[in-house]
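Structure first, commentary second.
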Amino acid sequence: METIGTDFGSCNLKTSTGIIVPSKVTKCDSSFFGAEYLVEIEGESHIVGEGEYDTILDKTKKENFLPMLCLALGLSTHEQATRVVAGLPIGQYKSKEKEKLEQMLQDNKMLNFKLNGVERQIIIENSAVTAEGIATYYSLPVELRNGLRNKDIILLDIGGRTSDIALLKAGKKRRIDESTSLEVGMINIYKDVVNKVNSKYTLGLDIEDAENILKHGLEVDGEKQDTEFIKEILMNNIKKVFKELNVSYPVRTAPLLVTGGGGEAFFKAINRRYPTAIMAPNHMFSNAIGYKRVGEKLWRD
Ligand SMILES: Nc1ncnc2c1ncn2[C@@H]1O[C@H](COP(=O)(O)OP(=O)(O)OP(=O)(O)O)[C@@H](O)[C@H]1O
Ligand SMILES: [Mg+2]
């Protein structure tokens, strides 16, 4: 049976099958037409991928967990039965959150929903919850993993809302030694950028505009603006990550494995500071792929 890794990020929902959808859910009435993904559960309709970002950090409290789970599995498989592995940041994994998420997956074993009008029934035969950081290590191609075998590895995952750092000790079975979660992520940065731009130019841009400004610069009243102040915002944020790495992790002797959408965005700056940095291949999906591998080890048949 197939195992699907599902990464419920605060910015993007991602699966080991390569599905990526913004972590946004809007309730609507069933006559709504034109959304890319419409998920109907027990008579309630949800548009997934559009609307507001769910700003709750605790992933197990998301009231939108169920529509996102249905979408993730509905888009990932045509089968009626599947296995699912999800993950939590290391800090939450160690606490009660793990049991909560496990319970949520257990309680929603029988999924009955409509995806874009098509009736679906999916049974989750097995489910598990694992830690986010180690998953990226498991997602690495075998050659790369073998090359790192006898080394401690520092993992840095910069996502939408958090930056997670973990030290994976060398050894056959990897374990997490040190770990940190910082509130530094692309959404926080976008927010800082938009606030600054709005106050500086008296505009009403929102967070969705920030990515565009970062990529293409800022034009106001037909004139290109100096965006040096944006570089400052970026540096101020990434510096928090650098500081934590310098203080608590063996950055000069252990390779630094970087992943996440923010990891890619900042990779140049990271690599300049830490020559041992390597970008995880398939960085947007490294957690989801790792979850799948964890499941395949758990349920060998
Ligand atoms: N195809 C893509 N779709 C959406 N965002 C992308 C894509 N490629 C890169 N990005 C970048 O990735 C960032 C989000 O990163 P990522 O998906 O790793 O966060 P997340 O896992 O949802 O958040 P967190 O780990 O904090 O819960 C976006 O802000 C955007 O800059
Ligand atoms: Mg993430």
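Restricting to region 185-205, name every residue that is of a type in the set (A, V, I, L, M) and under 24 Å from residue 267 (Cβ atoms).
186, 187, 189, 193, 194
Hey, among the residues in region 1-40 that are of a type in the set (S, T, N, Q) and under 18 Å from residue 84 (Cβ atoms), which one's nearest to ligand 1 (Cβ to nearest atom)?
Here the answer is 12.
How about region 211-286: which helices (runs of 4 or more DSSP H) wholly inside it have at least 3 residues that are more than 16 Å from ligand 2 (Cβ to nearest atom), touching a strand residue (DSSP E or B) at 6+ places or on another chain (Cβ under 9 Å) and closer than 19 Å to residue 188 by Cα? Lay out the reasoning, then the answer.
Numbers: elements: 228-248, 261-265, 267-273.
By residue number, 228-248.
Mind checking which residues of region 168-210 are in contact with a helix residue (DSSP H, G or I) (Cβ under 8 Å, 6 or more places away or on another chain) and in a loop (DSSP other than H, G, I, E, B)?
174, 184, 185, 203, 204, 205, 206
Any chance region 110-123 includes a residue that's more than 27 Å from residue 262 (Cβ to Cβ) and either of a type in the set (Asp, Glu) or within 21 Å of the chain's Cα centre (by Cα) (or both)?
yes
With the requirement that a residue be within 16 Å of ligand 2 (Cβ to nearest atom), touching a strand residue (DSSP E or B) at 6+ places or on another chain (Cβ under 7 Å) and of a type in the set (Val, Ile, Thr), what does region 139-169 give you?
162, 165
Would you call residue 163 hydroxyl-bearing (Ser, Thr, Tyr), within 16 Å of ligand 1 (Cβ to nearest atom) and out of contact with any Gly (no Cβ under 6 Å at 6 or more places or on another chain)?
Numbers: hydroxyl-bearing (Ser, Thr, Tyr): yes; within 16 Å of ligand 1 (Cβ to nearest atom): yes; out of contact with any Gly (no Cβ under 6 Å at 6 or more places or on another chain): yes.
Judged against the criteria, residue 163 is a match.
Each value in this text was obtained by applying a stated rule to the coordinates, not by laboratory testing. Everything quoted here is computed from the prediction, not taken from an experiment. Counting neighbours? That spans all protein chains shown, and the Cβs are built from the backbone with ideal geometry, glycine included.
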